[in-house]
Structure formats: C-alpha cells, structure tokens
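Q: Let me give you the structure first, and then I'll get to my questions.
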Amino acid sequence: MNLKAKFLFAVLAGTLALGNALAQQPIIIKFSHVVAEDTPKGKGALKFKELAESRTKGRVKVEVYPNSQLFKDGEEMQMLQLGNVQMLAPSVSKFGPLGVRAFEVFDLPYIFDNAKDLHNVTQGKIGKQLFDKLDSKGIIGLAYWDNGFKQMSSNKPLRTPADFRGQKLRIQSSKVLDGQMRALGATPQIMAFSEVYQAMQTGVVDGGDNTPSNIYTQKMHEVQKYMTISDHGVVEYAVIVNKGFWDGLPADIRATLDGAMKEATNFTNEIAQKQNDEAMEKMKASGKIQFITLTADEKKAWKKAVLKVHRDSEATIGKELIQQIYKETGFDPEAL
Ligand code: LMR
C-alpha cells in the first residue's frame, strides 16, 4: 500500500470506529429530584434506574441526581422543558408556576382519608385527565408516586386554629396550600425544599407541613420543637418526562422503559407508607421533637377551619374536578 492509500485507509478506519462508538453511546436520562435517597421517591428513582438499565441491556443510562444537586424546585420544571434534564418527579403541588393549577386539587385539606382513595384518583380517569393537561407544555406524565400524609411542625405547639396566629409557615408553590395556611390563621411563605431546613433553623419560618420521611431525612425535626399528627394533606408526585425526548426514543426502548416505570411505581407505592412509619419511629426515638395528637374535637376544628379552601379553590382548580374527586373519595363537606 502506498502512503496515500495508507492514509485513506486510516481515515476510513477512524471514521468507522467513531461511528461505531457513537452508535453504542447509551441514551442518557438525567432524573433530577429534590429529596434524599432514603425516601419513597429517592428509592423509586433508583429502582427505575436499575430496571431501565438492566432491561435495555445498557442502551439506556439513568443518572439520578437527588437532594436538589442539579436543580432546585422552581428551576427544575423549566429545565425539563428545555431538555436540560429528561425526567423529574415533582410533587403535584408544584405545577402552578407552569400554568397548570388543576393538580393542586391534591392539596385540598382532608380530601383524602387513605391511600386507597388517593389511588382511585391517580390510577383512574382523573389521573389521566390531569396528565393530558401537560401535553401542551411539552411534558408527558408517566406515573404517580406516593409519599404520604403530611404533618404540621413548628416551634410552637399547634393544637387549635387559634395557635396558628402569628406563625410563618413554609409552603410549596400552591395557591391551595397558601389558602390552607391562611384559613388556619398563619402566614404562608413559598420556599424551595432545599432551603427549608436552614429557614427553620434560623427562624426565617416557624414551621411547615411535610411527610415524616421528608422531615426526618432533612433533619427538620432537629430544628422544630413540635409536630402535630394532623394528616391534613398528602405529598404526591408526578413522574414526568420531556415530550420531545420521550417521543423521539426508539419504540422498543420506550416500551421497555414504560414497563420499568410501571414496576418502579408499584415498588415506590408499596414502600411509601413503611418509609414514613420508620421515619416517624426514628424521630420519636431521637427525643428531639415532641409529638401532639389531636383529640377528635380538635381535629374537627381544623377541618372546619380549612373547609373554606375547598370552596375558594373552585375558581383556580375547577368546581367539576373537585366534585369528581369528592365522588371518588366520598368526601362530604356537609358532614363536617
Ligand atoms: C416539598 O417541597 O416539601 C416536597 O414537595 C419535596 C418533595 O419532593 O417531596
């Protein structure tokens, strides 16, 4: 082979090698979330990674970024739309800034009594109907993941609505949660999840509401004196993907990932309650926070105080959607 031929051969071989390397590049899914790994969502994300990578035989690589490492809430939704991250699992209380307030129906205080009622909504017609609202935002909803019921925490014992007066309480970016805190007599303050611990520690806020697994893994119980077992609402997640990315996947890969997501969803929803129960036990054992159990009458007073939020939210959420959920869960405002 003369020199020129050798050169051409080398270029060709190089191009082929590069082409091969590119063809074997895995598809990367960046999955960003704001909570710790030892939570229902943290574990669910890792389960999805494990299943997606093994079932696609390495053709898909899922990079999970927990603890707001990549993006804080408030930023992550826009980053998903821009394609800087492919998958998220925000709490459904965080779709408002995107212009989709209907998801805040999940925030209506006391609308869910138990996980079964919640699943009837998320796994049925209403859950799908809500996901359809994301399509025009360039987002696809894949699944609903549970965390659990929220408890109210503060540096002051909160037993009656009167106790909320003067309290500044952190909320997620939801008009319904804003209404909930105001109806109880507190001043709500929207804040990213990653900033809550410090805000509680320094007294920027007096307290907030969250699930035991979130409170424990963020060590909020170390900077809060009291937790009222209120079970007044839920933290529920929507696992969402960038639509352009998802629709552009090879069909066989998408089908495999859909299967992996179904299984990761069952896994997450099965462990959620246990994760929260364990977090509660650990907080009790720590002795760092005092627990308040409400009497039946006290609970009734909380319910009565927040009922107005259901009515006031009709304009933002839609009366029909609220009624649909009442039907599904058996919630009866007249019975309070
Ligand atoms: C919060 O901001 O309190 C929660 O939504 C965090 C989460 O993702 O569970």
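Q: Out of everything in the range 56-108 that is without any contact (Cβ under 8 Å) to a residue 60 or more places away in the chain and of a type in the set (Gly, Ala, Ser), what residue ends up being nearest to Asn214 (Cα to Cα)?
A: Among those residues, the one meeting the criterion is Gly99.
Q: Given (1) of a type in the set (A, V, I, L, M); (2) more than 12 Å from the ligand (Cβ to nearest atom); (3) out of contact with any Ser or Thr (no Cβ under 7 Å at 6 or more places or on another chain); (4) touching a residue at least 24 places away in the same chain (Cβ under 8 Å), identify the lone condition not met by Ala186.
A: Condition (4) is where Ala186 drops out.
Q: Still on this structure: On the given criteria, is Thr228 over 15 Å from Asn155 (Cβ atoms), touching a residue at least 24 places away in the same chain (Cβ under 8 Å) and in contact with a strand residue (DSSP E or B) (Cβ under 8 Å, 6 or more places away or on another chain)?
A: no
Q: Please find, among Phe106, Phe112, the residue that is among the aromatic types (Phe, Trp, Tyr), at pLDDT 95 or above and assigned to a helix (DSSP H, G or I).
A: Working: Phe112 fails: assigned to a helix (DSSP H, G or I).
Being among the aromatic types (Phe, Trp, Tyr), at pLDDT 95 or above and assigned to a helix (DSSP H, G or I) holds for just one of Phe106, Phe112, which is Phe106.
Q: Return the residues of the range 79-88 that are among the hydrophobic types (A, V, I, L, M, F, W, C) and either within 13 Å of the ligand (Cβ to nearest atom) or surrounded by fewer than 20 Cβ atoms within 10 Å (Cβ to Cβ) (or both); say none if nothing qualifies. Full working, then the answer.
A: At the first step, the residues of the range 79-88 found to be among the hydrophobic types (A, V, I, L, M, F, W, C) are 79-80, 82, 85, 87-88.
Matches in the range 79-88: Met79, Leu82, Leu88.
Q: Please identify the pairs in which a residue from the range 33-49 that is away from the ligand (no atom under 13 Å from the Cβ) has its Cβ atom under 9 Å from the Cβ atom of a residue that is among the aromatic types (Phe, Trp, Tyr), counting only partners at least 6 apart or on another chain.
A: Sorted first by the residue in the range 33-49, then by its partner, the pairs are Lys47/Phe267; Phe48/Phe31; Phe48/Phe267; Lys49/Phe31.
Q: From the list Ser173, Ser194, Ser230, pick out the single residue that is crowded, with 17+ Cβ neighbours inside 10 Å and in contact with a Pro (Cβ under 8 Å, 6 or more places away or on another chain).
A: Answer to the selection: Ser173.
Q: Given the criterion touching a strand residue (DSSP E or B) at 6+ places or on another chain (Cβ under 9 Å) and within 16 Å of the ligand (Cβ to nearest atom), identify the matching residue among Pro212, Pro250.
A: Numbers: Pro250 fails: within 16 Å of the ligand (Cβ to nearest atom).
The conditions single out Pro212.
Q: Right, another one. From (1) away from the ligand (no atom under 15 Å from the Cβ); (2) surrounded by 22 or more Cβ atoms within 10 Å (Cβ to Cβ); (3) of a type in the set (Phe, Trp, Tyr), pick out the condition that doesn't hold for Phe245.
A: In the conditions (1) away from the ligand (no atom under 15 Å from the Cβ); (2) surrounded by 22 or more Cβ atoms within 10 Å (Cβ to Cβ); (3) of a type in the set (Phe, Trp, Tyr), Phe245 misses (2) alone.
Q: Could you pull out the residue among Met191, Met200 that is within 15 Å of the ligand (Cβ to nearest atom) and either of a type in the set (Ser, Thr, Tyr) or more than 30 Å from Ile140 (Cα to Cα) (or both)?
A: Numbers: Met191 fails: either of a type in the set (Ser, Thr, Tyr) or more than 30 Å from Ile140 (Cα to Cα) (or both).
Exactly one of Met191, Met200 is within 15 Å of the ligand (Cβ to nearest atom) and either of a type in the set (Ser, Thr, Tyr) or more than 30 Å from Ile140 (Cα to Cα) (or both), namely Met200.
Q: Could I ask something else about it? Would you confirm, using the coordinates I've provided, whether Ala255 is surrounded by fewer than 24 Cβ atoms within 10 Å (Cβ to Cβ) and closer than 20 Å to Lys94 by Cα? Explain how you work it out, then say what you get.
A: Values: surrounded by fewer than 24 Cβ atoms within 10 Å (Cβ to Cβ): yes; closer than 20 Å to Lys94 by Cα: no.
Answer is no for this residue.
Q: Among what's in the range 40-78 and is among the polar types (S, T, N, Q) and within 28 Å of Phe149 (Cβ to Cβ), pick the residue that is surrounded by the most Cβ atoms within 10 Å (Cβ to Cβ). Talk me through it step by step, then tell me what you get.
A: Of the range 40-78, the ones among the polar types (S, T, N, Q) are 54, 56, 67-69, 78.
Still in the running and within 28 Å of Phe149 (Cβ to Cβ): 67-69.
Numbers: Asn67: 17, Ser68: 19, Gln69: 12.
This residue is Ser68.
The values are calculated or read from the model by the stated rules, or taken from the named source; none is laboratory data. Treat the numbers as computed from the prediction; the structure is a model and nothing was measured. No Cβ is skipped: glycine too gets one built from the backbone with ideal geometry, and neighbour counts run over all protein chains shown.
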